[in-house]
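Below is one structure, written out as structure tokens; comments come after it.
The values are calculated or read from the model by the stated rules, or taken from the named source; none is laboratory data. Model, not experiment: these values are computed from the prediction. Quick reminder, even Gly has a Cβ in these numbers, built from the backbone with ideal geometry, and neighbours come from all protein chains shown.
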Amino acid sequence: MRRGIEAGIDVSKREWEWMMESATGATRIQWMIGSVEEIPTRWLDTFHDMVERRLCGEPLQYILGVGAFYGRDFEVGPSVLIPRPETELIVEWALSNTGKSAAPRILDIGTGSGCLAVTLALERPNSQVSALDISEEALVLAAKNAVRLGATVHFEALNILTDTISGGPFDLIISNPPYVPLSERATLQREVVQYEPHLALFAGEDPLIFYRRIAAISPGLLAPGGLVCVEIHSNYGLEVSQIFEGHGFFQVSIQKDLSKLDRFVVASVD
């Protein structure tokens with residue numbers, strides 16, 4: 001435990017229980033009622049390894065291999081960001097704003113674990129969902145999540161900054177792109193900087209580069225009346241909305257998360 005304190009890691013009681021459940025296959029209730037009579041050495045070895053990794057700062061989701069998103073467990077690993085609760089707001093907004101289309105065509109740019117694309121494919125069974133990412137490792141993981149959860153999603157490896165996107169027209173384009181400025185690296189939690197993929201976190205010297213690209217290419221990819229929804233850094237809501245307005249989008253608005261922080265920008269084409 002001292003190692004965790006020195007590393008600034010606060011391991012909650014529930015985290016210990018989750019690691020024990022994962023290592024042994026026995027639930028917390030089974031342990032509480034004493035139905036687990038013998039603890040094999042391999043269980044203890046696995047549990048101790050998990051504890052060591054957690055005390056060194058590795059996020060619990062990577063240790064367990066899963067992260068929760070919109071009521072489902074998604075397989076995660078070092079090649080993808082851990083799904084965040086605030087990103088679920090994109091799902092809520094998308095479901096509320098694609099109701100007029102019987103079979104909405106959706107494009108997810110920078111899919112990572114596939115949590116957005118897979119969730120929308122499952123929540124809107126008639127939808128046609130495509131998902132892009134520059135990382136082959138991320139796409140392998142996203143495809144595994146789609147298969148395991150029973151979602152139909154078309155995945156493609158692509159660099160949106162340089163490559164041409166085919167397909168469409170789409171009714172909705174969503175994206176949670178890299179948006180953290182390199183200048184903020186020192187302010188982030190050690191767990192994030194040391195373990196989560198920098199390719200998916202940092203936008204380089206220009207934190208708005210992906211929004212400029214998405215705003216530039218989306219009008220040619222969207223059907224009439226199509227929508228865009230992008231997650232943003234809370235400090236750049238105005239700048240991102242102005243980028244979309246500059247590319248001819250209508251009804252551009254900044255949406256806040258439950259903490260009242262600017263969280264995503266939505267816009268539509270004529």
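Data table
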{"read-out": "Residue list for segment 204-241, restricted to those being exposed (fewer than 14 other Cβ atoms within 10 Å of the Cβ), more than 18 Å from Val180 (Cα to Cα) and either in contact with a strand residue (DSSP E or B) (Cβ under 9 Å, 6 or more places away or on another chain) or among the β-branched types (Val, Ile, Thr) (or both)", "value": "Gly225"}
{"read-out": "Enumeration of residues in segment 145-195 that are touching a Phe, Trp or Tyr at 6+ places or on another chain (Cβ under 8 Å) and charged (D, E, K, R)", "value": "Arg185"}
{"read-out": "Qualifying positions in segment 250-267 - out of contact with any Asp or Glu (no Cβ under 9 Å at 6 or more places or on another chain), surrounded by 18 or more Cβ atoms within 10 Å (Cβ to Cβ) and more than 23 Å from Leu188 (Cα to Cα)", "value": "Val266"}
{"read-out": "Subset of segment 53-84 (residues that are free of Cβ contacts under 8 Å to residues at least 12 places away in the same chain and either surrounded by fewer than 18 Cβ atoms within 10 Å (Cβ to Cβ) or closer than 19 Å to Glu231 by Cβ (or both))", "value": "Arg53, Gly71, Asp73, Arg84"}
{"read-out": "First in segment 4-24 and modelled with pLDDT of 80 or more, second anywhere and not in a helix (DSSP H, G or I), Cβ under 6 Å, 6 or more apart", "value": "Glu21/Thr27"}
{"read-out": "Qualifying position, being in contact (Cβ under 8 Å) with a residue 60 or more places away in the chain and touching a helix residue (DSSP H, G or I) at 6+ places or on another chain (Cβ under 9 Å), among Ile173, Ile160", "value": "Ile173"}
{"read-out": "Test: residue in segment 67-79 that is more than 17 Å from Ile174 (Cβ to Cβ), touching a strand residue (DSSP E or B) at 6+ places or on another chain (Cβ under 8 Å) and of a type in the set (D, E, K, R)", "value": "yes"}
{"read-out": "Selection status of Thr87, within 13 Å of the chain's Cα centre (by Cα) and either among the charged types (D, E, K, R) or assigned by TED's automatic domain parsing to the domain that holds Ser259 (or both)", "value": "yes"}
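Okay, residues lined up against (1) hydrophobic (A, V, I, L, M, F, W, C); (2) modelled with pLDDT under 95; (3) on the phi > 0 side of the Ramachandran plot:
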| residue | (1), (2), (3) |
| --- | --- |
| Gly71 | no, no, yes |
| Leu81 | yes, no, no |
| Glu92 | no, no, no |
| Ser101 | no, yes, no |
| Asn126 | no, yes, no |
| Ile134 | yes, no, no |
